[in-house]
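What follows draws every value from the coordinates through simple rules; no lab data is involved. Note that the structure is a prediction, hence the values are computed from the model and not measured. Cβ placement follows ideal geometry from the backbone for every residue including glycine, while neighbour counts extend to all protein chains displayed.
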Amino acid sequence: MSNDAPNPPPVAPKAAREHSPLETLNHSASHVMAAAVKRLFPGAKVTIGPAIDNGFYYDFDVERPFTEEDLVAIEAEMAKDVKADLEFQREEIDRDQAVEMFRGMGESYKVEIIEGIPAGTTITLYRHGDFVDLCRGPHVDRTSRIKAYKLTNVAGAYWRGDERRQMLQRIYGCAFTDKKALDEHLRKIEEAKKRDHRRLGKDLDLFSIDEDIGGGLVLWHPKGALTRYLIEEFWRREHLASGYDLVNSPHIARENLWQTSGHLGWYKENLYNGMDVDGQQYLVKPMNCPFHITMFKNRLRSYRDLPMRWAELGTVYRYERSGVLHGLLRVRGFTQDDAHLFITKDQLNYEIERVTRFCLHILRSFGFVSFKTYLATRPAKFVGEVPAWDEAEAALKRGLDAIGLDYEMDVGGGAFYGPKIDLKLVDALDREWQCSTIQVDFQLPERFQLEYVAPDGSRQRPIMLHRALLGSIERFFAVLLEHYAGALPLWIAPVQAKVLTVSEKSEEFGREVEEQLRAAGVRVEKDLSSDKLGAKIRRAQLEKAPYMLVIGDKEVAARGVSPRSRDGRQAEMMPIDAFVRQVLDESHPSRS
């Protein structure tokens, strides 16, 4: 079944949501690939094969893993269907007939999918040549429309993401309207491999994940921990300057807190098993919000106290299946840069605009200039009253309009407790990364019975804004590494300058330079090894050091330094204090 979800709803003649031409092309290419696999590997069973961002994949149950040679053969087999100019034909069939048909074909995964669909549902199929697939569509009209395509890699994937189920072979690929677009995409894939934060983390000695500790749990090495500290300290300073108060909360809490918040019911599969403390069950926290709410309830608040803006770098723990863990991007323990704002209804418009501007300011400070913004509205299942939802959505829209942000509507994409703004930054390879989220919450103030005293003396319910800015320190660190290909900006680089001595005669002055720089606040290392200067420079370049200071006879005699930047630019020799001023002047976040 080539669908976005394992259990699709009944299919209407036209899908409910719009599909981009590129998505439709990739969806069609996944069918052509599946047909090629079935011809080359007759025993293969097909499962699901949707279009995804910039490509497609299809999962197969096969006797042995696919190889690179197999991908070449499958591509060649796909070319036969493309050349044959076969028509994609849409068919409708009764659910029970579909079960019988796919059971007769030996496609047990398709049978399982169909049996999860309500009886009496009309099932749609798509056929080209001898291949037929359970699918909602849409597709291009003919296979010859698939002009340029490439199978990129193979990975393992559990059936329906369940590690207790069968391990499948997932083939990834991409299709474009012309070879030029395909070549550009493949170039970006190769560049992404070079920028992979897991590779850079190892090469630059920033962090590691060790199975002796546990999957998804990060060990921060000295240089990585230093950059993390610099990010966090900037985060704290900016929050304090913007009228936030910093709070801290514990890592565990009694089970009844999570029962009240709803996490025990809504996210139970992501919670770690509790521990017994004095005969009571405690859980490791998956979220920070219930702690902030409890602080709010610690005393009766007045309207004069609001808005209250509380921010925390709170480490949380959520169970993720081992198959989805991915470096720093998907972990089990991470530090969420959380903030919760407790406000009155009258403050909603202003605070939404204010917090959105703050999010943009922080992201721009790290050098990001391009963003994609989405306004996610009321989903089919929600809590609260429709007028309150409409009011919150209108406030979010007004905030985005006031700032002048272009945005797309994500209809039905809100959380069940309120609508939200999603800010996604666009990196150097034009990839979107979800970072900032601003959510209006009706549910938790109600569940915890939050109150404040209004001007007329009545007790009123505050509105709550949830705001994650960087998303998590771990994830944002990975995005930074990949965006800058490891060459972090000077202000967050763990080492800003590397002192490189030419010979033994310059070692004494090299040590003196290092001491002076360190005393002045420059993050510095020295390389006094007996290696040749060229080797030292290459090593410093591989370490992505922003500046290299070569110390030879000329520098010793003049008691100066000759800065060389990591991009190869060579500056004139200058006094040590002049270089210090230069580094300190340049060590500021981007302002825009």
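Average 1/r across all pairs of distinct alpha carbons in the stretch 80-194, invert it, and you get the Kirkwood radius: 16.8 Å.
Ignoring solvent entirely, what values of log10 I(q)/I(0) come out of the Debye formula for the chain at 0.05, 0.06, 0.09, 0.10 Å⁻¹ when each Cα is a single scatterer? Computed log10 I(q)/I(0) values: -0.29, -0.42, -0.90, -1.06. What is the distance in Å between the Cα centroid of the stretch 141-201 and that of the stretch 558-575? Each part's Cα centre sits 44 Å from the other's. Positive end of the dipole of the chain (Cβ unit charges, origin at the Cα centre): among THR124, TYR417, TYR229, the Cα lying farthest that way belongs to TYR229. Charge tally for VAL355 (other residues, Cβ to Cβ under 11 Å; Lys, Arg +1; Asp, Glu -1): +2.
Calculated from the alpha-carbon coordinates, the stretch 497-586 shows an Rg and a Dmax of 11.6, 33 Å respectively.
Using the Cβ-Cβ distance between LEU533 and LYS80 with R0 set to 60 Å, the FRET efficiency works out to roughly 0.55.
Taking GluC sites (Glu not before Pro) in DSSP loop states with no more than 10 other Cβ atoms inside 10 Å as exposed sites, the chain has its longest site-free stretch at 386-571.
For LYS554 and ARG511, the FRET efficiency from 1/(1 + (r/R0)^6), where r spans their Cβ atoms and R0 equals 25 Å, is about 0.90.
Could you list the residues of the stretch 542-569 with an amide nitrogen less than 17 Å from a label point located 7 Å from the Cα of GLU504 in the Cα-to-C-beta direction? Under cut-off, by backbone N: 552-553. For the stretch 113-154, the calculated P(r), taken from all Cα-Cα distances in 5 Å bins from zero up to the bin holding the longest distance, is 5, 14, 19, 20, 18, 11, 7, 4 percent. Using the Cβ-Cβ distance between PHE234 and ASP162 with R0 set to 51 Å, the FRET efficiency works out to roughly 0.80.
Can you sort LEU444, LEU528 by how many other beta carbons sit within 10 Å, fewest first?
Fewest to most other Cβ atoms nearby, the residues stand as LEU528, LEU444.
For the stretch 355-408 and the stretch 40-72, what is the separation of their Cα centres, given in Å? First find each Cα centre; the distance between them is then 39 Å. Quick note on the stretch 347-449: its Rg to Rh ratio, both from C-alpha atoms and Rh being the Kirkwood radius, is 0.99.
Among the trypsin sites (Lys or Arg not before Pro) found in the stretch 520-592, those both in a DSSP coil and sparsely packed, with 14 or fewer other Cβ atoms within 10 Å of their Cβ, are LYS532, ARG559, ARG569, ARG591.
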